[in-house]
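To keep things clear, I will list the structure first and then write my remarks on it.
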Amino acid sequence: MADIYAFPAGVKSRTGRDAGPGLPGRPAGVPDDVWQAVESVRGMTRIGGVRYREIPVPSTLADYGIGVELEAGSRADAGGFPFDGVAPAGVATGWIMILYSATPREDWGSRWRCVAFARLPLDNGEDDALAPDLYWDLMCGHLDGIEPDSVGGTVTVTRNTAFGALGGDGSVGCEIRVSFTPATFDGMPYDAGASVSAWARFLESTMLVDWETDVD
């Protein structure tokens, strides 16, 4: 499966069909539904403080796909915004892949399906049995425009313990894996940009969370 779009470095998002410098045109054979989804991602409003870049979607997952990696929060090396798969303290990372099947999938209930991942830093005080439920509820609150009862996934609290020269207190984190079917309507293009924006808003929101649990 060939790449069908990109977020070129230094090029602003655009709307409509004016490709602009550095933006690839529509490849041959790409269905109208898919290209309209690409257009919606290109034209979406980006959230300040969230970094975006395209990632490949494995061809085994679907006939076409749009993949976007995201990072929210402040880095000490913020000048480069490296996407290295590591979430340092104060930074949330993740990705969302929007999948399209040429024929409707019974298990999706649609031609479209979204799969997403988030890796969130936690304070040591958040490393408790309540964290999975709290972060799952927070995530679901940001997912709109989806088919009812189509959301499924897992939340895992992780703990890393450092030894030897890297010895210290270690770190805790939270990983969320989720999939859902976006709501689509006959004759209306799917706003894939809204799905990407929803995941970006969720990542951003985790940087503002300050869970306080009262114990009587």
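Throughout, read-outs are computed from the coordinates displayed, never taken from laboratory work. Computed from a prediction, not measured in an experiment: that's the story for all the values here. Here the Cβ positions follow ideal geometry from the backbone for every residue, glycine too, while neighbour counts run over all protein chains shown.
Calculated FRET efficiency, residue 144 and residue 26, Cβ-Cβ r, R0 25 Å, to nearest 0.05?
After rounding, the FRET efficiency stands at 0.30.
Using θ = phi - 60° and the Karplus form 6.51 cos²θ - 1.76 cosθ + 1.60, what ³J(HN,Hα) does each residue of region 95-103 get, whole Hz, x for Gly and Pro?
Each residue of region 95-103 in turn: 8, 9, 10, 9, 9, 10, 10, 4, 10 Hz.
So between residue 186 and residue 36, what do we pick up on full extension, going 0.36 nm a residue minus the alpha carbon distance?
Extra length from residue 186 to residue 36 when fully extended: 52.6 nm.
Rank-order 94-102, 51-59 by packing density, defined as the average count of other C-beta atoms within 10 Å over each peptide's residues, highest first.
So the order, starting with the most tightly packed, is 94-102, 51-59.
What is the distance, in nm, between label points placed 7 Å from the Cα along the Cα-to-Cβ direction at residue 103 and at residue 54?
Those two pseudo-labels are separated by 2.9 nm.
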